[in-house]
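The values are calculated or read from the model by the stated rules, or taken from the named source; none is laboratory data. Since we're looking at a predicted model, the values are computed, not measured. Please note: Cβ atoms are built from the backbone with ideal geometry, for glycine as well, and neighbour counts cover all protein chains shown.
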Amino acid sequence: MNILTPNSPTAELQALDAAHHMHPFTHGAALREKGARIITRAEGVWLNDSDGNRILDAMAGLWCVNVGYGREELAEAAARQMRELPFYNTFFQTSHVPAINLAARLAELAPDDLNHVFFANSGSEANDTNLRMVRAYWHVKGQPERTHIIARWNGYHGSGVGSGSMGGMKSIHSQGGLPIPGIHHIDQPHWYLEGGQMTPEEFGLARAQQLEEKILEIGADKVAAFIAEPLQGAGGVIVPPATYWPEIQRIVDKYGILLIADEVITGFGRTGQWFGCQTMDVRPDIMTVAKGLSSGYQPIGASIVSDEVARVIDGVEFNHGYTYSGHPVACAVALENLRLLDEEGIVDRARTHVAPYLKQRFESLADHPLVGEVKIIGLMGSLALTPDKPSRASFAAEAGTAGLITRERCFANNLIMRHVYDRMIISPPLVISHEEIDTLVERARLSLDEAH
Ligand code: PLP
């Protein structure tokens with residue numbers, strides 16, 4: 001077989017891709033028709049494709065390349081670890097240096113008493129771990145009937161059977177017979193789309209109170225946990241009203257229900273602090289992390305759990321794990337990534353220098369006729385597209401169409417933004433410069449103009 005290279009002709013790369021590669025979350029036949037864009041190299045916030053275009057990646061890959069592309073230190077960390085110990089498992093009474101160091105570092109960074117780390121290879125897997133762990137927790141505590149999990153419609157927690165069930169994406173549920181039994185959903189705190197005549201504060205409270213109603217409907221002694229993203233990412237960068245999280249915290253505390261904060265996107269500086277629960281002032285019992293943990297340079301995820309959860313789980317043999325839990329190379333790269341985020345002041349600079357400028361520039365798009373709302377926290381932002389600003393209408397029957405068109409325009413203008421229905425999203429590398437932010441906003445405005 002002829003092995004292709006980044007310098008091979010685009011048509012050849014696309015043809016082989018189309019012939020054998022099944023893409024995630026993609027209409028395969030439609031993609032085959034037009035051919036995938038082949039990304040060949042990257043540096044900082046810039047991608048190169050096989051046609052020689054330079055593309056500004058305003059999505060940091062998939063919300064993950066927090067330190068930016070091309071960091072030699074991470075390549076070195078991987079190579080060093082591969083030479084020293086490319087693999088060993090952590091199952092059978094053994095451990096290794098990278099897993100030890102990374103677990104300890106995460107315990108140091110995570111708030112409060114989140115001091116214990118169970119490794120996985122992705123956010124989906126870590127959330128499956130959480131599902132199993134909270135059920136095991138109550139089982140060991142002598143309350144085995146506490147198995148029910150409450151999550152939110154339009155939340156995203158991954159696309160495995162467990163994680164996809166906890167997620168509230170109906171498009172995922174409808175294809176896979178999900179959710180599995182014992183998973184329940186309440187409505188999301190999406191004021192712009194669903195708030196009607198309520199003020200954001202009233203609406204935030206009302207949506208949080210759905211949690212209490214659901215707990216009482218199921219029976220408080222049957223609920224194991226509530227899982228939510230501090231700020232919904234894949235659902236459209238939805239910032240909850242200020243009343244939402246305090247009320248959720250009150251309710252989980254009142255009923256003694258475990259709170260899982262899914263920080264897969266919001267972790268490691270994305271919201272301007274190390275973790276989204278610090279930005280939203282929430283106290284979880286378990287945090288899911290992945291993506292920014294290694295800045296995407298290696299696949300790795302983890303559940304970071306409280307002293308109490310760990311104490312209970314440690315009392316039994318927890319029959320769960322992945323061959324690559326705590327993979328040494330992924331751990332070594334993640335540890336080095338955390339060093340860069342910290343020692344180079346990338347997280348601090350994101351909060352003090354990058355986020356304020358990005359907010360000011362991104363919010364300037366609010367005057368565009370297609371833009372009904374601009375939301376941004378830290379380096380996560382979204383534009384709601386609308387045919388009618390005052391009524392906050394969406395593009396109704398063709399919901400998502402405007403987003404799709406705009407994304408296609410961005411793509412053509414060498415800017416990567418995602419769309420979720422009619423929301424256009426950004427989540428750039430934390431190292432983006434002011435000048436690059438200007439380029440991002442200029443290209444976004446041009447794309448909106450072309451889509452209008
Ligand atoms: N949780 C959240 C909040 C996510 O945004 C994602 C992915 O986007 C996941 C979990 C799943 O992570 P992965 O794709 O690494 O399995």
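Here are a few things to note about the model shown:
- A count restricted to segment 31-57 and to residues that are away from the ligand (no atom under 16 Å from the Cβ), under 24 Å from the mean Cα position of the chain (by Cα) and in contact (Cβ under 8 Å) with a residue 60 or more places away in the chain stands at 6.
- Evaluation of Glu408 against (1) under 23 Å from Ser295 (Cβ atoms); (2) surrounded by fewer than 18 Cβ atoms within 10 Å (Cβ to Cβ); (3) among the charged types (D, E, K, R) (one fails), failing number: (1)
- Selected residue [among the polar types (S, T, N, Q) and surrounded by fewer than 24 Cβ atoms within 10 Å (Cβ to Cβ)] from Thr243, Thr266: Thr243
Conditions (1) outside the structural domain of Gln232 (by TED's automatic domain parsing); (2) outside any strand (DSSP E or B); (3) in contact with a strand residue (DSSP E or B) (Cβ under 8 Å, 6 or more places away or on another chain); (4) within 21 Å of Phe268 (Cβ to Cβ), marked per residue:
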position	(1), (2), (3), (4)
Val374	yes, no, yes, no
Ala384	yes, no, yes, no
Pro387	yes, yes, no, no
Arg392	yes, yes, yes, no
Leu404	yes, yes, yes, no
Arg407	yes, yes, yes, no
Cys410	yes, yes, yes, no
Pro429	yes, yes, yes, yes
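- Residues that are within 13 Å of the ligand (Cβ to nearest atom), under 13 Å from Pro230 (Cβ atoms) and either in a helix (DSSP H, G or I) or among the charged types (D, E, K, R) (or both), drawn from segment 252-306: Asp262, Glu263, Arg270, Gly276, Cys277
- Any chance Pro111 is in a loop (DSSP other than H, G, I, E, B), under 22 Å from the mean Cα position of the chain (by Cα) and at pLDDT 95 or above: yes
- Subset tally (residues that are part of a loop (DSSP other than H, G, I, E, B), within 16 Å of the ligand (Cβ to nearest atom) and over 24 Å from Trp245 (Cβ atoms)) for segment 152-178: 3
- Enumeration of residues in segment 202-237 that are part of a loop (DSSP other than H, G, I, E, B) and within 16 Å of the ligand (Cβ to nearest atom): Glu229, Pro230, Leu231, Gly233, Ala234, Gly235, Gly236, Val237
- Residue in segment 129-151 that is touching a Phe, Trp or Tyr at 6+ places or on another chain (Cβ under 6 Å), within 16 Å of the ligand (Cβ to nearest atom), closer than 27 Å to Glu317 by Cβ and in a helix (DSSP H, G or I) present: yes
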